[in-house]
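Have a look at the structure below before the remarks.
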Amino acid sequence: MSKIQVGIVGLGWAASGHLIAFKANPDAEVVAVCSSKDLSPEQLREMCGNDATLYHDYDEFLQHPGLQVVDICTPHFMHPEQTIKAAQAGKHVMIEKPMALDHDSLLAMRDAIHKAGVNSTVFFELRFIPHFELINACMDQGLLGDVHYLEVDYYHGVGPWYGQYGWNIKKDKGGSSLITAGCHALDAMLVFARREVEEVYARSTKSSAPFAQAYEYDTTSVSLVRFADGSVGKCTSSIDCRQPYVFNIKLVGSEGTLWNDQVWSTKLPGLKPDQWVITPTAQAESGDVLDHPYGPQIDHFINCLKEGRPNDFVGVDEAFKTHRVMFAIEKSLAEGRAVKMSELAE
C-alpha cells in the first residue's frame, strides 16, 4: 500500500514535533510544505525525511498532486480559514490546538469538515500519554469510585524566551491564557469527567512580572465547572508563572483519590492510611513540544485513514466539545457571570 501523502502548513515549534513523528511513521510521508521560510531542497529533505515541495501560497499548496492530508501548524488565528479551505479541497485535516479563537469560527470549521466528509484530528496530544491511560484504568476498575471533584491545572510561563511570544501576546492572535495553552488542562478534565457540563464560571488576573505586561489579556485564569450530575471541577491556566512546568491532576471520588502519580483507594486492601501509592508512570512534565506524544496521536490518525474509519477519539467532534466549554468560559470572563452551556450553539 502506498504511503499517505501529507502536507504541513507552518514550520514553527509544533511542526518540529510533528515532523519527527511523521518521519518515524512507515505509512505516511510529508511531500509538501507551505511556509514563509525559504528552504533549499536539501533542508526540506533533512526536515521531512524525503524529497518535498515548498510552497509560499496556501492555495497552490492545496493543489499539490496526490496530497491527501493537511497538517495545520500555523498560529491560532489562521486555523479557521486554512481548515475550511483544506476540507473544501477534500483533504483530511490535522489541526493544532486551539482550533479557533471564537465560537462562530469553531462552528464553521466543524460544519465544513462534516460537509466535506473528510477525517480529522485535533492535537490534544496529552490524551496519549501513559499517565492518562493509567488514570482511565483506575477509573474503569473502580479504584476511585464515583468522582465528584476534578482539578486539572496548567502552569507554564510563556515569555519572550519562546518564539511564539511575539504574536501570542496579541488578543486577536493568542486569544487568552486558556485558549493558547491551558486548554490542554481543560480537555483532560473533561475527558476524566465523562459527563456533560452544565455551567461555568471564571475569573482572571495578571502577574506584575515585566514579561507579562506585554500580553493584551490576563495571563492567569481560574475556571469552575458544574457538571450535569452536580459534580464540580476546577481548571487553572497560568502562563505568567515563574516556576518549572506543572500539569496538576487531582480526582476525588467515593472510594479513593488520584493526585498526579499518586493514588489511594479503599479498593486496595492493606494500604497505610497516611501514605500514597506512587505509580511509576510517564506524566506531562514539560512544556517542550518535543517531549509531547505527537507520535502516538499521528500514528493513530494514520491508522484511521488506512482503515477507512472515523477518528472518534480526538477528531473534530470530540475536540469541539472541549472548545465549546472553553468559549463558555471566555464568555464568563468577558461578562463577569456564570454561563450555562445552553447559551452556546451546538
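The values are calculated or read from the model by the stated rules, or taken from the named source; none is laboratory data. None of the values given here were measured: they were computed from a predicted structure. Cβ sites come from the backbone with ideal geometry, for glycine too, and all protein chains shown count toward neighbours.
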Which ones in region 249-266 are of a type outside the set (A, V, I, L, M), crowded, with 17+ Cβ neighbours inside 10 Å and either in contact with an Asp or Glu (Cβ under 6 Å, 6 or more places away or on another chain) or assigned to a strand (DSSP E or B) (or both)?
GLY253, GLY256, THR257, TRP264, SER265
Would you be able to say whether some residue in region 267-275 is out of contact with any helix residue (DSSP H, G or I) (no Cβ under 9 Å at 6 or more places or on another chain), surrounded by 15 or more Cβ atoms within 10 Å (Cβ to Cβ) and farther than 26 Å from HIS148 by Cα?
no
For region 181-189, does any single residue satisfy the condition of being assigned by TED's automatic domain parsing to the domain that holds ALA328 and either surrounded by fewer than 21 Cβ atoms within 10 Å (Cβ to Cβ) or over 21 Å from HIS292 (Cα atoms) (or both)?
no
Enumeration of residues in region 1-33 that are surrounded by 22 or more Cβ atoms within 10 Å (Cβ to Cβ) and polar (S, T, N, Q)
none
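Let's see how each residue does on (1) more than 21 Å from TYR294 (Cβ to Cβ); (2) charged (D, E, K, R):
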residue	(1), (2)
VAL9	no, no
LYS23	no, yes
ALA28	no, no
GLU42	yes, yes
ALA52	no, no
TYR58	yes, no
GLN63	yes, no
CYS73	no, no
One residue is enough: does region 301-309 have a residue meeting the conditions among the basic types (Lys, Arg), surrounded by fewer than 19 Cβ atoms within 10 Å (Cβ to Cβ) and under 28 Å from ARG203 (Cα atoms)?
no
Across region 285-312, what is the number of residues that are touching a helix residue (DSSP H, G or I) at 6+ places or on another chain (Cβ under 7 Å) and in a helix (DSSP H, G or I)?
7
Breaking point among (1) within 17 Å of the chain's Cα centre (by Cα); (2) exposed (fewer than 14 other Cβ atoms within 10 Å of the Cβ), for GLY174
(2)
Hey, does region 318-325 have a residue that's small (Gly, Ala, Ser) and either in contact with an Asp or Glu (Cβ under 7 Å, 6 or more places away or on another chain) or over 19 Å from ILE239 (Cα atoms) (or both)?
yes
Output for region 115-139, where each listed residue is free of Cβ contacts under 8 Å to residues at least 12 places away in the same chain and not assigned by TED's automatic domain parsing to the domain that holds TYR154:
GLY117
Go through VAL33, VAL70 for me and flag whichever is out of contact with any His (no Cβ under 8 Å at 6 or more places or on another chain) and either of a type in the set (Asp, Glu) or in a strand (DSSP E or B) (or both).
VAL33
